[in-house]
Amino acid sequence: MQELAKIYGDTLLLDKKFNYCPGCGHGVVTRLVAEAIEELGIRQRTVSVVGIGCGGFSHHYMDIDAIEAMHGRSPAVAIGYKTASPDKIVYTYQGDGDCSAIGLAELLHGANRGLPVTCFMINNNLFGMTGGQMSPATLENQVTATTPKGRDVHVHGYPLRVPEMMADMVGAKYVAREAVCDAKSIRKAAKSVRNALQCQIQGLGFSFVEFIVPCPTGLKLSVPDAYKWSREKMVEYFKPQVFKNEVGQNNEN
Amino acid sequence: MRTKCTFSGSGGQGSALLAKLVCQGAIKQGLKVVMTQTYGIEQRGGDSTGYVIVSDNFIGNPLVENDADISVALSPSIYDGCVDGAVEGGIVLVNSSLITEMREREGVKQVPISASDMAVELGSVKCANIVMLGAALAATNMLEFETVEQVLRETLGAKKPALLEMNLNALERGRTVYASAAE
Amino acid sequence: MKEKNKKHVICAERCKSCGLCVEACPKDTLAIGKHLNSQGYNVVEQVAPENCVLCGLCRIVCPDVAIGVVPLD
Amino acid sequence: MKSETLFLKNTQTFAEAMVRCGVRYHFAYPITPATEVMKHTAVILPEYGGRMVQMESELAVANALAGCACTGTLGATSTSGPGMALMQESISFMAAGELPCIMLDAMRVGPGDGDIVGAQSNYFQATRGGGHGDYRVIVLAPASGQEIVDLMPDAVKLAYTYRTPVLFVIDGVTCTMTESAIFPEAHDYAAGFDTSSWAYTGTADHEKRFLLTGSYTHSQGEEMNERLRAKFERIKEKEQRWESIQTEDAEVVLVGFGIHGRMGQDLVANMRAQGKKVGLIRPITLWPFPDKAFEQLPESLKSVLVVEMNHGQMLDDVRLAVNGRVPVHFLGKTGGDMPLCTLADMTAQINTLL
């Protein structure tokens, strides 16, 4: 553990074991966020606003202040915070249920407002903490605890693509969808996390990254199968891409 | 001494401004004053009423509860309310240019004043409210006439000198006309 | 070789036996072992350390920050 | 800003008072009649280095307010009934999270969409709350523009001393009336409180902190609730405020807050002039309810009359405080052109009780 700490620095609290299920993609995203904070040297002025759901644990593994907001309201809390303390770095860490079901209005208006805050949406395409119910991101015909015969789009609507809605918003300056289904996609995702926070550091405007993450427990699949499913099914519908990047080119690496 | 006033009209007739001018005059004279308003949900065009209480001591009850000492009725739509809302012995100033049918109410003195016509003569129908203000001052002892003249000078003087002249004339016209109309 | 400045490490206590590193390893050096950690998971181990090229892919995919390649002291 | 007298609508007076006492961020969403507050702060806050932020809903408003409070900065909001309903979850959150802020509910008639005319229909909503769980917020009910000004420094001090939302509930009649108030010299009362021991300002000068209004273990939840309970008891003991007028020898005591309490002052004067022994208790804090005002009721007392612009909400608290010693009667009205009990209504009712 001490040996691993050498490469992670102060942000990641390695003496705290992740509470996520084995193979949960949250672990990867949490690590990527911590790494970016460490790398950008913003740990002491960064505040995390976490949603309700598995993502709510994410701040426990980092040496940063945090606010556990009510379900779906993290972007509004972040905006209030940033308004009063513009020199702080504020990011939300929410699941797809928190972000795109109950909290869609706060998220989209937050994006459109353009205040420099960052929202991370961890899309495992279902409600993980409450036991694998359908979320807005659940795929057509996908079986979940609340869609026992598969998601009927005529009843429950279609899987919701979130960053696509923001791409046209003037206030949103960095908008991306990434996946954390294999080493290659994780490396790309790491870059987006940095860019999103960099966008805020530079005061450009709102930044957003969606992460396609596998939830083996919620999908009721083995870890390898869950990753395979996400790589094939999820990524097909939710195509990873950078929709918008107005972050200064010199910060790309 | 406590005077309760009701200033009513349709949207745009300036009943709220009328109420505000009385308030400003009262403050200038060091009196206590409370203004309440009622209006429709629409931003323009509905009926509106400004209630003002001018008093020389603390105003506990800020409401004019059908006990107005002086009422100004600018338009027909609120006429009935003004008559019913007057106290026994109260005065209702009726804009007879628009309110052509009056009804009797015992114990309430109704004074017809063709405020809108006079206002047009003076330059604009918009100063009908000020004609009524002059009359209301003449009908009561709630404020010094000069105080209100001064309020008009201060609120209009700098920005709109032309309007000020017309409004001062309207105020004076209301005062003089009340004496003859009240006969 | 440059890689000689590094070494492969496993933090057994953090491992949850998900097997993602085993799958990611290009040289098949890892496998889920028989040893149980205090969380009750069979910990991953290097079964063919001699084949490890210190590429660090295991670190990239590990959701529990339990494995990786670190610089030598 | 020097001391001065201003003639304003009381919603504007509220805006002036809160800004002059240290509120720097005002989050709001338009709703009649509270909109006047945000219109006013939009103009004046920049002069104080602050900002009015219009949000997309009252949900967002209340949560942005919570976010602002997390920095230790004094924020405020203003709304009316339906907006208040949407904020309930966040008020519970802020009470649990011990976040100070100033709120205004300019009360209008409910239920549902209701009407824009004034009322006192949110007494339950304010004092009981529709949010989740056991929580209380301090509720202040001024009855005039001057009292809004006079209570504001206290409101800020209460918010920070107890680290809790302070909610003004003002009936729409009082809110929309225009009168003059004397404003003392502006003073940032929030600045006098050291927030460094709790604000979530980053780990530069403190160990990691996080705001948790839930619990990870049952004992943690119990501990949080016990801590809050102790705080609420302390507030109840120390912060009851009310005005009593001529209750010492009264045969009937009128109890009303806000506009009815204010009218009661005229009513008592009128009835005393006729030799009728009427007194008044006007609660200024609705939570904590001023139980202490009812401890020393005189032997002469025959009954109590509660007057409200609702179906009888504070009535419950008065009955609890009177505790069966004398009958408690009720007079109430909601809606209508002039949506309150007139002095004539009250006088008639009291005459039947004397």
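Just so it is clear, none of the values below were taken in a lab; they were calculated from the coordinates. If you're wondering where the values come from, they're calculated on a predicted model, not measured in any experiment. Using ideal geometry, Cβ is built from the backbone for each residue, glycine included, and neighbour counts are taken over all protein chains shown.
Excluding the sites themselves, what is the longest stretch of chain B that contains no trypsin sites (Lys or Arg not before Pro) in a DSSP loop with at most 13 other C-beta atoms within 10 Å?
B:45-102
Counting only residues 5 or more places away or on other chains, whose amide H sits under 5 Å from the amide H of B:Val111 once H atoms are built in the peptide plane?
Close amide H contacts, sequence-distant or interchain: B:Val92, B:Leu93, B:Val94.
Among the lysines, which fall within straight-line cross-link reach of B:Lys126, defined as a Cα-Cα distance under 26 Å, with same-chain neighbours fewer than 8 residues apart omitted?
Hits, sequence-local ones excluded: B:Lys4, B:Lys20, B:Lys28, B:Lys109, B:Lys159, B:Lys160, D:Lys9.
From other protein chains only, count the Cβ atoms within 10 Å of every residue's Cβ in D:173-180, then give the mean.
Average neighbour count from other chains, rounded to a whole number: 6.
Assigning unit charges at the beta carbon (Lys, Arg +1; Asp, Glu -1) and nothing else, what dipole magnitude in debye, to the nearest 20, does region C:2-68 show about its Cα centre? Mind dumping the intermediate values first?
Numbers: 9 positive and 7 negative charges, 49 e Å.
The dipole magnitude comes to about 240 debye.
For the protein assembly as shown, state the average projected area of the convex hull of the C-alpha atoms over all orientations, rounded to one decimal in nm². Could you put the intermediate results ahead of the total?
Working: hull surface 173.2 nm².
Mean projected area for the protein assembly as shown: 43.3 nm², to one decimal.
Which order results if A:Phe243, A:Phe208, D:Phe330, A:Phe127 are arranged by neighbouring Cβ count within 10 Å, fewest first?
If I rank by nearby Cβ atoms, fewest first, I get A:Phe243, D:Phe330, A:Phe127, A:Phe208.
Relative to a virtual label point 7 Å from the Cα of D:Lys2 in the Cα→beta-carbon direction, which members of region D:161-197 show backbone nitrogen distances below 12 Å?
D:185
Name the lysines eligible as straight-distance cross-link partners of A:Lys188: C-alpha to C-alpha under 20 Å, and not fewer than 8 places from it in the same chain.
Hits, sequence-local ones excluded: A:Lys173, A:Lys228, A:Lys233, A:Lys239, A:Lys244.
Kindly give Rg over Rh for region D:151-206, based on alpha-carbon atoms, with the Kirkwood expression for the hydrodynamic radius.
Value, to two decimals: 1.12.
Springs between alpha-carbon pairs under 10 angstrom, Gaussian network model over chain A: which of A:Pro136, A:Pro116, A:Pro159 fluctuates most?
Sorting by GNM fluctuation, first place goes to A:Pro159.
In percent, what relative contact order does chain D have, based on Cα pairs under 8 Å that are 6 or more apart in sequence?
Details: 741 pairs, mean separation 62.2, N = 354.
Rounded, it is 18 percent for chain D.
Taking the Kirkwood radius as the inverse of the mean 1/r across Cα pairs, report the Rg/Rh of chain B.
Radius of gyration over Kirkwood radius for chain B works out to 0.93.
Please report the net charge: other residues with Cβ closer than 11 Å to the Cβ of D:Val326, K and R +1, D and E -1.
+1
Kirkwood Rh over alpha-carbon pairs of region A:58-118, then Stokes-Einstein at 25 °C and 0.890 mPa s: what D in µm² s⁻¹, rounded to an integer?
208
How big is region D:243-353 by the Kirkwood estimate over distinct Cα pairs, in Å?
Values: mean 1/r = 0.0730 Å⁻¹.
Kirkwood hydrodynamic radius for region D:243-353: 13.7 Å.
Name the residue from C:Leu57, C:Gly19, C:Asn42 whose Cα lies farthest towards the positive end of the charge dipole of region C:2-68, charges +1 on Cβ of Lys and Arg and -1 on Cβ of Asp and Glu.
Comparing the listed Cα positions along the dipole, C:Leu57 ranks first.
Give the relative contact order (percent, whole number) for region D:139-191; include only Cα pairs under 8 Å separated by 6+ residues.
50
Once the other residues with Cβ under 13 Å from the Cβ of D:Thr71 are scored (Lys, Arg +1; Asp, Glu -1), what is the net sum?
Details: positive: A:Arg45, A:Lys82, A:Lys88, D:Arg24, D:Arg209; negative: A:Asp65, A:Asp87.
It works out to a net charge of +3.
Which value, in nm² and rounded to one decimal, describes the direction-averaged projected area of the C-alpha convex hull of region B:73-169?
Spelled out: convex hull of the Cα atoms, projected over all directions, averaged, 6.4 nm².
Would you mind ranking A:Phe57, B:Phe58, A:Phe206 by Cβ crowding within 10 Å, fewest neighbours first?
B:Phe58, A:Phe57, A:Phe206
Normalised radius of gyration for region C:2-68, please: alpha carbon Rg relative to 2.2 N^0.38 Å, two decimal places.
After normalising by residue count via 2.2 N^0.38 Å, the value is 1.03.
When chain B is modelled as a GNM with alpha-carbon springs shorter than 10 Å, which of B:Val64, B:Val125, B:Val83 fluctuates the most?
B:Val125
Of D:Ile245, D:Ile102, D:Ile138, C:Ile32, how do they rank once you tally other Cβ atoms within 10 Å and put the fewest first?
Ascending number of Cβ neighbours within 10 Å: C:Ile32, D:Ile245, D:Ile138, D:Ile102.
List the DSSP H helices in chain D whose Cα atoms stretch 27 Å or more along the helix axis and whose mean Kyte-Doolittle hydropathy is at least -1.0.
On the way: long enough: D:218-238 (30 Å, -1.87).
The qualifying helices: there are none.
Can you compute the modelled spin-label distance between D:Glu223 and B:Lys160, with each label point 7 Å from Cα toward Cβ, in nm?
6.7
Return a whole-number percent for the relative contact order of chain B, with Cα pairs under 8 Å and 6 or more residues apart as the contact set.
With pairs under 8 Å counted, the relative contact order is 20 percent.
Run the dipole for the protein assembly as shown about the Cα centre, Lys and Arg Cβ at +1, Asp and Glu Cβ at -1, nothing else charged, and hand back the magnitude in debye, nearest 20.
So the magnitude is around 2440 debye.
Calculated from DSSP H runs of 4 or more alone, at -39500 (n - 2.57) each and per residue, what is the 222 nm mean residue ellipticity of chain C, nearest 500?
Roughly -2500 deg cm²/dmol at 222 nm, from the helical runs in chain C.
Over the alpha-carbon set of chain D, divide Rg by the Kirkwood Rh and report the Rg/Rh ratio to two decimals.
For chain D, the value is 0.98.
Summing +1 for each Lys or Arg and -1 for each Asp or Glu, what net charge is found among the other residues whose Cβ lies under 9 Å from the Cβ of D:Met309?
Net local charge, D:Met309 excluded: -1.
Taking loop as defined by DSSP and a crowding limit of 10 other beta carbons within 10 Å, which GluC sites (Glu not before Pro) in region D:268-333 fit?
Passing both the DSSP loop test and the Cβ count: D:Glu295, D:Glu299.
Along the positive direction of the dipole of the protein assembly as shown (beta-carbon charges: Lys, Arg +1; Asp, Glu -1; about the Cα centre), which of D:Phe183, D:Ala76, B:Val111 reaches farthest?
Result: D:Ala76, furthest along the dipole toward the positive end.
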